[in-house]
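None of the figures in this text is laboratory data; all of them are computed from the coordinates on show. Only a predicted model underlies this, so the values are computations on that prediction, with no experimental measurement involved. Quick reminder, even Gly has a Cβ in these numbers, built from the backbone with ideal geometry, and neighbours come from all protein chains shown.
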Amino acid sequence: MRILFGDFALDRGSRQLLRAGEDVRLGPKTLDLLDLLLSQQPRALSKSHIRDRLWPRTFVADSNLTSLVTELRTALGDDARRPRFIRTVYGFGYAFCGTVQDDAEKAASSPARSGLLRLLYQGRVVVLEEGENLLGRAGEAVAGIDSPTVSRRHARVLVSDGKATLEDLGSRNGTYLRGERIKVPSALLDGDEIRIGRVFITFRSFPEAGPTETEADL
């Protein structure tokens with residue numbers, strides 16, 4: 001089963017943390033820590049409870065747990081002062097504070113769409129969801145783009161009723177659609193070229209497949 005949060009997925013079967021389908025490397029204990037916090041969220045777990053689960057019948061210093069939390073936050077792009085995923089409960093322990101779904105819940109809650117909307121860039125494919133789809137270097141971005149020319153929250157694609165709109169979020173280097181810098185939200189059409197910083201993205205809209213025709217229908 002996969003546990004979904006932000007643009008991450010924890011696959012418990014394969015013991016992998018994935019971000020937008022790509023493997024995020026974590027040490028075994030750090031992966032165990034993430035799994036533990038997710039399984040108990042939003043409950044706060046004491047440091048002693050976490051140590052007992054991760055290092056049973058073994059004495060370890062607080063610094064070992066602190067190092068794991070730091071590694072986990074780095075992998076998730078999380079900020080201890082403004083956490084999206086890992087919250088410090090001062091004088092006690094830690095808690096997972098993000099929104100969590102499993103695959104089954106996501107499939108059941110996903111609204112019906114008239115088509116499949118995607119972004120193609122750097123050999124990757126990102127399926128756009130209903131609502132806001134953030135583009136940038138921030139951890140919550142659906143298209144996490146590691147480029148110094150791209151702002152953390154550079155632009156967003158808003159999806160509603162099978163249609164998509166591109167909007168710049170006050171980025172330093174601008175958002176371009178069909179070669180023109182946009183200043184207001186702009187509708188996206190199939191095949192449109194988007195540029196944020198120096199990164200080029202193609203928007204694709206695929207109509208939902210209809211029923212298969214029989215030879216008698218032809």
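Annotations
- With respect to the chain, whose longest principal axis is taken over its alpha-carbon atoms, helix 28-40 is tilted by about 80°.
- Net dipole in debye of the chain [+1 Lys, Arg Cβ; -1 Asp, Glu Cβ; about Cα centre; nearest 20]: 1280
- A Gaussian network model of the chain, with springs between Cα atoms under 10 Å, assigns the largest mean-square fluctuation among Phe92, Phe200, Phe59 to Phe59.
- Largest GNM mean-square fluctuation across Leu72, Leu54, Leu119, computed for the chain with C-alpha springs under 10 Å, falls on Leu54.
- Candidates Gly136, Gly197, Gly170, ranked by Gaussian network fluctuation over the chain, Cα under 10 Å, top entry: Gly170
- Inter-centroid distance (Cα atoms) of segment 49-105 relative to segment 126-150, Å: 24
- Rel. contact order, % - alpha carbon contacts under 8 angstrom, at least six apart, segment 111-207: 26
- Degrees separating the helix 62-76 axis from the principal Cα axis of the chain, which is the longest one: 0
- Among [x] 40; [y] 45; [z] 49, the entry derived from the coordinates for percent of Cα pairs over 25 Å apart: [z]
- For Ala141, the shell of other residues with beta-carbons less than 15 Å away shows a net charge of -3, using +1 for Lys and Arg and -1 for Asp and Glu.
- Per-residue ellipticity at 222 nm computed for the chain from its helices equals -6000 deg cm²/dmol, with DSSP H segments shorter than 4 residues left out and the rest contributing -39,500 (n - 2.57).
- Cα→Cβ-extended label distance, 7 Å offset, between Ala187 and Asn64, nm: 6.1
- The chain: relative contact order in percent, alpha carbon pairs under 8 Å with at least 6 residues between: 14
- Applying the criteria of a DSSP loop state and at most 11 other Cβ atoms within 10 Å to the trypsin sites (Lys or Arg not before Pro) of segment 1-96 yields Arg25, Arg43, Arg57, Arg81.
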